[in-house]
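This report refers to the structure that appears directly beneath it.
The values are calculated or read from the model by the stated rules, or taken from the named source; none is laboratory data. It should be emphasised that the depicted structure is a prediction, and the values quoted were computed from it without experimental measurement. Because the Cβ atoms are built from the backbone with ideal geometry, glycine has one as well, and the counts that use them run over all protein chains shown.
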Amino acid sequence: MTDRRLALFDMDRTLVRKDTATLLTRYRRETGQAELMDTLRVGYWVLQYGLGIADAEGIAKKVLKGYRGVPEAQLFADGLACFDAYVFEHISEHARRAVRRHQSAGDFVAIVTSSTRYTTEPIARELGVECFACSELEVDGAGCLTGRHIAPLCYGPGKLERVQKVLEVSGTALESAVFYSDSVTDLPLLERVGTPIVVNPDFRLRRIARQRAWRVEHW
């Protein structure tokens, strides 16, 4: 390990003020790829996620069934178009400054999110972040989605597991890392880093942060 510090950022409702899954569903509906019921389902699932009661594996299976056979190239295109149309405006200026501050300090900056690379890559590129850990989808030999994800999802304990690859790439240690997050679902990782910073917290994480005297910021 080196003396270089790792700075980890959650994405939805941390770097971005909105949930990118909701924004992507909005884009897909407006382009005729999704229906109103899809929007309602995603809204319900996002609510469960925010409350920390989501069955992430079950939700992933339901969502991904509808993507079976879809070319991965289409997801990259949709993610980029959604970023331009809806996501860019919701990137917090506080988040931009925090990322730049860590970059200027020589820290290794990475995004760690339960979202997929199709919505994560445009945001990482916009912020100049070269490394990220996210939920990965299975793609067949023809370049199409199989309708399954690659375990583990980057959610809850799975996010901690996914971060291990970031540690290998960066040569850093969690004990000296800083992690910015809004969600109680990130508690497994927040508890492992040296400096947990709570941003726009949900009510459960706000209570925990108060009890443990963690820093709270509002972006």
Residues of the stretch 14-49 being within 16 Å of the chain's Cα centre (by Cα), at pLDDT below 80 and either surrounded by 17 or more Cβ atoms within 10 Å (Cβ to Cβ) or on the phi > 0 side of the Ramachandran plot (or both), which ones?
V42, W45, V46, Y49
Which count do you get for residues in the stretch 117-155 that are β-branched (V, I, T), surrounded by 20 or more Cβ atoms within 10 Å (Cβ to Cβ) and within 20 Å of V70 (Cα to Cα)?
2
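Let's see how each residue does on (1) buried (at least 20 other Cβ atoms within 10 Å of the Cβ); (2) in contact with a Cys (Cβ under 8 Å, 6 or more places away or on another chain):
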| position | (1), (2) |
| --- | --- |
| V63 | no, no |
| P71 | no, yes |
| A77 | no, no |
| C82 | yes, no |
Subset of the stretch 120-163 [farther than 17 Å from A73 by Cα, in contact (Cβ under 8 Å) with a residue 24 or more places away in the chain and among the aliphatic types (A, V, I, L, M)]:
I123, L127, V129, A133, L153, L160, V163
